[in-house]
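Reviewing the structure listed below.
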Amino acid sequence: MTGVGRLGLLVAALLAGGPPSALADEVVLKNGNRLLGKAFREGSTVRIELDEGVVGVPVSLVEHIVSGMSPAELREQERHERLVWLDWHVDRVDPGDAQALYRIAEDASRQGFPADEVHSVLGLVLGADPDHAGARADLGEVLYDGRWVSREEARRLADLAHDRDMRERGFVLHHGEWLKPQEIDLRLLEQSWRRALDRVEADLGATREALRAAEQDVAALAADRDAAYAQVSFARAAEFEANAKEWSEHAAGLEAELSVVDQRIVMLEAWLEECGVVSALESP
C-alpha cells in the first residue's frame, strides 16, 4: 500500500497546494542589508513581498538580487518535507501495528512537528488500536466510565456524578458546601440568634453610653451646686440641689434598664444552650 493510501485524504489535503516550486529573491542593498522575499521591479522601484507585507526599495539602493525562497515558501517547503517523511515511514510499517505507528508519532513530536501532523499519525494508531493509551493521552483524552473523552469532559462528568451521588444521599448544596437539611436549619437558626445577640449587645452598649453621659451630667450639676453654695444665695443652691436629685434619679432608672438588658442576655444564652448552639456573650 502506498504512503498516500495510508495517510489517506489527510496528506492529500495538507499537500493540496503542492510543494513550493517558484524561487523567490534575496535583495542585497548597497548598505549591506538583505531582504528575503519575492522581488519584482516596477519602474524605478523594486517591490519585495515579505512576511510583514510588501515594501518598495528604489533601484538606486539595490546592489544585486540573488535567487532564493521567500519565508512563506521556505515554511511550505519544510511542511512538504515533513509530510513526505511521515508518508515514507508510515508506508513501511504494518497498518495494524499500533505500537510501530505510535513510535513514528513520538519521533515526529520529538522533532517538533506541528500538532496537526502528529495527530494525523495518532489517528492511524487508533485505527489499529482504538484503546491505545499513549495515543489517547497525547490527544488529551482519558478513559472515563468505559469510553474515551477529553480531560475537560471527564472532569465535567465526574462533577455531575458527584453531585448526583450527594443528592441521592440526602445532601443539599448550600453556599458551595454539601450539607444535610438539618445541618442547614441549625446553621440558619444559629445565624438568626447571633444576629439577635448582636442587637442586644448593641442596645446594651447604647445604654451604657447613656448611663455614662448621665453620670457626667450629675457630676457637672454637683459641681455647679457646690459653686452655687459658695457664690450665690441659699435658694439658688437649693435649685441646683433639686436638679442634681432629678439627674440622680434618671441615672438610677438607666441602671435599672441596664439590669433588664443583662437579664435578657442571660435568658438568650440559656436558650441557645438548650438548642445546642454554642455562643457566649461576655459582658465587659
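In Å, what is the Rg of the alpha-carbon atoms in segment 78-164, and how long is Dmax?
Cα only, segment 78-164: 15.4, 52 Å (Rg, Dmax).
What distance in nm separates the two pseudo spin-label positions at VAL66 and ARG155, each 7 Å out from Cα along the beta-carbon direction?
According to this spin-label approximation, the distance is 5.1 nm.
Name the residue farthest towards the positive end of the dipole of segment 78-164 from the options SER109, PRO130, LEU160, assuming +1 on Cβ of Lys and Arg, -1 on Cβ of Asp and Glu, about the Cα centre.
LEU160
Under a no-solvent Debye model with one identical scatterer per Cα of segment 128-172, what's log10 I(q)/I(0) at q = 0.19, 0.30 Å⁻¹?
Log-scaled intensity ratios, in q order: -0.62, -1.00.
Normalised by the number of residues in segment 181-275, what is the relative contact order in percent for Cα pairs under 8 Å and 6+ residues apart?
Result for segment 181-275 is 36 percent.
How high is the relative contact order of segment 32-106? Use alpha-carbon pairs under 8 Å, at least six apart in sequence, and give a whole percent.
After rounding, I find 19 percent.
In whole angstrom, note down how far apart the Cα centers of segment 255-270 and segment 117-176 are.
Cα centroid to Cα centroid, the span is 61 Å.
Against the empirical 2.2 N^0.38 Å scaling, what ratio does the C-alpha Rg of segment 90-136 come to?
1.01
Of SER120, SER67, how do they rank once you tally other Cβ atoms within 10 Å and put the fewest first?
Lowest to highest Cβ neighbour count: SER67, SER120.
So what is the relative contact order of segment 120-221, in percent, for Cα pairs below 8 Å that sit 6 or more residues apart?
The value is 9 percent.
Taken together, the values in this text are just the output of simple stated rules run on the coordinates, not laboratory data. As the structure is a prediction and not an experimental result, all values here were calculated from the model. Don't worry about glycine lacking a Cβ; one is built from the backbone with ideal geometry, like all the others, and counts go over all protein chains shown.
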